[in-house]
Amino acid sequence: MTIENESRRKLLKAGVGAGLVAATAGVPWFALAQGERVMRFLDVPEGWGPGPRQPGATHIIDTRQLTDFYSHDFYVVQHYGQPELDVAQYELSLTGLVDQPLRFTLDDLRALPSREIDCGFECGGNGGRMFHGLVGNARWRGVSLKDLLERAGVQSAGREVVFFGGDMGREEIRGREVEKAFARSLSLEDAMRDDNLIVYEMNGEPLPVHHGRPVRLLVPGFYGVANVKWLTQIHVQDTRYMGRFMGRDYVTLKREMVGGEERWVENSVARMNLKSVIVRVTDRGGSHRISGFALNDGTPLRSIEVKIDDGPWQQATIDPQASQYSWKPFYLDWQGASPGEHTVVSRVTDINGQVQSPADQLPERVSYWEEFGQFPRRVMIEA
């Protein structure tokens, strides 16, 4: 049984059952039928649209134009440009508090047992200002991170695992300019999760250079920044890693209750929050279809619902291809839509009872990271 099928079986068993996954096999997601027309969102400026992908630049996708379950146009964020590593000379080192430091060529990694997993994720800064276009979903192939760490033998003092990329940049730290590699870290417990992979394929092809060729880290259920591209070193240490992208950037500041006291709390962006968003409304000739997707950390879902204007919440149908860590495409067929402006919004609930809240009911925060509140869309239905 493949990882994808196993994940789907677990989801169905855990509660994403007949009510949510009510679509029949073969229902295409976002594929426009002949004559189907996309309705205009009034919250999107006239003429807005992402430009072509450029090396070293952020690439946003136009979520209104999604057509496939697997993203061929996957978002890109690059912090220190886009290096092109020599695949023939590539080596991944595993160092630090391990019994046996290891080095792997790409051929070495390909020779190890591999797995495939469907996994979607978004940038920690994805949000309404770019209409949630820093997102994507793909099928990835690679080797188990846990297996590599066990092969090296993590010593008892090991607490943190740091992942260094081949992309380098200059930073000014306390008045001194230094050259640093992009890096993120995981606790040893998080690093040893069974589903973490060191991947070398994306959608059945070698990783594109803009997605980290030859090798990147994949941490299912985490925001995109955790999935370090152009991976060159894995290092086990006994102290917390506090580089820019762990301790200063990609850090949320929220007002929360801590032991009965209200405090401002800082946390590094890590696991994805429960989120859904509507990305398209179409006229199907006699009815309309509201389409979107949900993302989260892999916790099974109970329901995805859609609300039209001041009407009741209605249960949406999810694409049957959805699995534990993939995005969860959904749709609701809308009968009898009257011409004119309407507001549509979605919400998702997981099996623990956690519900996607309206944005104004979330904790106060001072950053644009982790925008996961309900996202109402204003749409014009044509006569």
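All of the numbers you see were taken from the coordinates with simple rules; none came from a lab. Just so it is clear, the structure is predicted and the values come from calculations on it, not from any experiment. Every residue, glycine as well, gets a Cβ built from its backbone with ideal geometry; the counts of neighbours run over all protein chains shown.
Numbers below:
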item	result
Separation of the residue 309 and residue 37 label points, Cα + 7 Å toward Cβ, nm	2.0
Using θ = phi - 60° and Karplus 6.51 cos²θ - 1.76 cosθ + 1.60, couplings along the range 246-262 (whole Hz; Gly, Pro as x)	10, x, 10, 9, 6, 10, 8, 10, 10, 8, 9, 8, 10, x, x, 10, 7
Taking the convex hull of Cα positions in the range 119-222, its mean projected area over all directions (nm²)	8.9
In Hz, Karplus ³J(HN,Hα) per residue of the range 75-88 (6.51, -1.76, 1.60; θ = phi - 60°; x = Gly, Pro)	4, 9, 10, 10, 8, 10, x, 10, x, 10, 6, 6, 4, 5
Charged-residue dipole, Cβ positions (Lys, Arg, Asp, Glu), the chain about Cα centre, Debye nearest 20	180
Residue among 263, 248, 284 with the largest mean-square fluctuation in a Gaussian network model of the chain, springs linking Cα atoms under 10 Å	263
Cα Rg, Dmax, the range 140-290, angstrom units	19.2, 65
Calculated on alpha-carbon atoms, Rg and Dmax of the range 262-383 in Å	15.7, 53
Antiparallel DSSP beta bridges within the chain, as percent of all bridges there, nearest 5	95
Phi-based couplings in Hz for the range 68-74 (Karplus 6.51, -1.76, 1.60; Gly and Pro marked x)	10, 5, 9, 6, 8, 10, 9
Under-5 Å amide H pairs with residue 279, H placed in peptide plane, nonlocal only	291, 292, 293
Amide H contacts of residue 120 (H built 1.01 Å from N, under 5 Å, at least 5 apart or other chain)	138, 326, 327
Farthest toward positive dipole pole in the chain [+1 Lys/Arg, -1 Asp/Glu at C-beta], among 70, 97, 288	288
Linear extension gain, residue 193 paired with residue 116, 0.36 nm per residue minus alpha-carbon span	26.2 nm
Distance between the range 141-162 and the range 240-260 - C-alpha centres, whole angstrom	25
Entries in 254/275; 229/254; 180/275 that, when Cα-Cα distance is taken, lie over 26 Å	229/254; 180/275
Kirkwood-Stokes translational diffusion coefficient of the range 29-126, alpha-carbon pairs, 25 °C, 0.890 mPa s, µm²/s	135
Length gained when the stretch residue 171-residue 100 is fully extended (0.36 nm per residue, less Cα-Cα span)	22.3 nm
Estimated D of the chain in µm² per second, where Rh is the Kirkwood radius over Cα pairs and Stokes-Einstein applies at 4 °C, 1.567 mPa s	59
Cα-Cα P(r), the range 58-180, percent of pairs per 10 Å interval	10, 26, 35, 24, 5, 0
Cα Rg, Dmax, the range 225-289, angstrom units	20.1, 63
